[in-house]
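The structure appears below as structure tokens.
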Amino acid sequence: MSTGPIASAVAEGRLPGRVWFYSTYACNLACTYCLTESAPGAPRRALAGETMVELAAQAAELGFTDLGVTGGEPFLSPNPPIGRGQPTRRPGTRSRWTMRAHGGLKASSGR
């Protein structure tokens, strides 16, 4: 594990142990209270699943133990780091992944 100010802050509890990734700002809903201002007409921005996995490895080296993926609607991302029915621990990482979605997509949509 790395040393330095971030690793020390995580180890001492001054920083929480979870890093959140905003996988996409795309969303099929237009909630007025949305923190990220995601909506169907919002500009398309996305963080690739592979990039999240690389960043997760770096975060684990700093002592972070939990990784969250949110958005917009993360299941609208073309390649989320985890998907429905996949394990929450990725191979090659020590960290647990959490996907926060609004749940508004139908299971039959294939996303």
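The values are calculated or read from the model by the stated rules, or taken from the named source; none is laboratory data. Bear in mind that the values here come from a model prediction, so they are computed numbers and not experimental data. Methodologically, a virtual Cβ is constructed for each residue, glycine included, from the backbone with ideal geometry; neighbour enumeration extends over all protein chains shown.
Kindly indicate which of G63, G68 is in contact with a helix residue (DSSP H, G or I) (Cβ under 9 Å, 6 or more places away or on another chain) and either assigned to a helix (DSSP H, G or I) or touching a residue at least 24 places away in the same chain (Cβ under 8 Å) (or both). Spell out the reasoning first.
Working: G68 fails: in contact with a helix residue (DSSP H, G or I) (Cβ under 9 Å, 6 or more places away or on another chain).
Result: G63 is the single residue among G63, G68 that is in contact with a helix residue (DSSP H, G or I) (Cβ under 9 Å, 6 or more places away or on another chain) and either assigned to a helix (DSSP H, G or I) or touching a residue at least 24 places away in the same chain (Cβ under 8 Å) (or both).
Filter the range 21-59 down to the residues that are touching a residue at least 40 places away in the same chain (Cβ under 8 Å) and not in a loop (DSSP other than H, G, I, E, B), then identify the one that is farthest from S8 (Cα to Cα).
A26
Could you list, in sequence order, all residues of the range 38-63 that are crowded, with 19+ Cβ neighbours inside 10 Å and of a type in the set (S, T, Y)?
S38
Which of the residues that make up the range 1-20 are in contact (Cβ under 8 Å) with a residue 24 or more places away in the chain and either in a helix (DSSP H, G or I) or closer than 15 Å to R100 by Cα (or both)?
I6, A7, V10, A11, R18, V19, W20
Give R14, R90 a once-over and let me know the one that is modelled with pLDDT under 85 and of a type outside the set (A, V, I, L, M).
Working: R14 fails: modelled with pLDDT under 85.
Just one listed residue meets the conditions, R90.
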